[in-house]
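What follows is a short report on a single structure.
The values are calculated or read from the model by the stated rules, or taken from the named source; none is laboratory data. Given the structure is predicted, the values throughout are model-derived calculations rather than measurements. Here the Cβ positions follow ideal geometry from the backbone for every residue, glycine too, while neighbour counts run over all protein chains shown.
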Amino acid sequence: MSTAFPIQHLGANIEIYSAPPVRGLIQHAVFDFDGTLSLIRAGWQEIMLSLCVEALEKTPTAKDCATLTDICRDFILQLTGRQTIYQMMHLAEEVRKHGGTPCDPLDYKWQYLNLLQGKIAHRLEALEQGAEKNPYRIRGSIALLDELTRRGTTCYLASGTDEPFVIAEAKLLGVDHYFSERIYGARDDYQAFSKQMLLEQIRNDHGLHGAELAVFGDGYVEIESARSVDGIAIGIASLESGEQGWDEWKKERLRTAGAQIMVPDWQESALLLSFLFGETDV
């Protein structure tokens, strides 16, 4: 189990909470997208939070705004990494719990996506017109993916964002080629895909054991799922403003979920991978 405090530090910002029992075995790596590699959708939490609080404020037994904000932030973060529809299903439950009549979760989802699209349209347009990609990537992402690929690791991209958007945005960021056809996201039939299902399929299809599978992500869900299949769980508590440093709230959630290793970004990816692949003595 992960400890409450790091048992070891590497470099400036790599924190190890529980070392993998064996190093040097990673064959397959699964990545979350938003907040892990991409900043295109930075600010999505605020958009979703605003939508959810507004829906609850209209209910007959609505509490004060601060309380509603805490309720909504908690379930949004708890479900980060799962398909968006699950957060909207939880919103519908909260509306009902507060005496209201909820919209269909799919309606809430499209309300949210339309609001988010308005926020990120200028970013997508800039990238489509050839803008510099690095400001829209988590620091060190390309070096991390390059080094994994060089070591022969098969990489997958798995997101709670709708699959067509993930494919398009990965291409805009110039990272799609690292994953080839192994890009997965939310689907209309939401029960047909989950990160847990993908991890289990990779493990079973390739006969993987424990440390042969690594998961990189900033969400509670992928870290929890990684631990459930005995994979290595690497959490990134990134600031989606693009600034350097830790998102302390995200960091605490990832530790609680069972992250074995945590970083604020991928700037020390060479050191991280040297450790994971057993190339150093530390």
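F5 versus (1) more than 13 Å from the chain's Cα centre (by Cα); (2) over 23 Å from H98 (Cβ atoms); (3) modelled with pLDDT of 90 or more; (4) among the aromatic types (F, W, Y): which is the lone unmet condition?
(3)
Could we say that G217 is modelled with pLDDT of 95 or more and not aliphatic (A, V, I, L, M) here?
Here the answer is yes, as G217 does meet what is asked.
What are the residues in region 214-232 that are over 16 Å from R82 (Cα atoms) and buried (at least 24 other Cβ atoms within 10 Å of the Cβ), if any?
Those that are over 16 Å from R82 (Cα atoms) and buried (at least 24 other Cβ atoms within 10 Å of the Cβ): A214, G231, I232.
For region 191-282, list the helices (runs of 4 or more DSSP H) that sit wholly inside it and hold at least 2 residues that are under 14 Å from the mean Cα position of the chain (by Cα); which are they?
It comes to 195-206, 220-228, 248-257.
Please find, among L113, L124, L148, the residue that is within 30 Å of H206 (Cβ to Cβ) and either of a type in the set (S, T, N, Q) or out of contact with any Ser or Thr (no Cβ under 7 Å at 6 or more places or on another chain) (or both).
So the residue among L113, L124, L148 that is within 30 Å of H206 (Cβ to Cβ) and either of a type in the set (S, T, N, Q) or out of contact with any Ser or Thr (no Cβ under 7 Å at 6 or more places or on another chain) (or both) is L148.
Do any residues in region 182-197 that are touching a residue at least 12 places away in the same chain (Cβ under 8 Å) have Cβ atoms under 7 Å from those of residues that are exposed (fewer than 14 other Cβ atoms within 10 Å of the Cβ) and assigned to a helix (DSSP H, G or I), where the two are at least six apart or on different chains, and which pairs are they?
Close Cβ pairs satisfying both conditions: Q196/S228.
Would you confirm whether or not region 109-121 contains a residue that is touching a helix residue (DSSP H, G or I) at 6+ places or on another chain (Cβ under 7 Å), closer than 30 Å to E279 by Cβ and outside the structural domain of R203 (by TED's automatic domain parsing)?
No, there is no match, as no residue in region 109-121 is touching a helix residue (DSSP H, G or I) at 6+ places or on another chain (Cβ under 7 Å), closer than 30 Å to E279 by Cβ and outside the structural domain of R203 (by TED's automatic domain parsing).
Condition check ((1) of a type in the set (D, E, K, R); (2) farther than 21 Å from K119 by Cβ; (3) not assigned by TED's automatic domain parsing to the domain that holds K251) across all residues:
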residue	(1), (2), (3)
Y17	no, yes, no
P21	no, yes, no
F33	no, no, no
L51	no, no, yes
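Looking at G130, G140, can you tell me which residue is among the small types (G, A, S) and within 24 Å of E252 (Cα to Cα)?
Among G130, G140, only G140 is among the small types (G, A, S) and within 24 Å of E252 (Cα to Cα).
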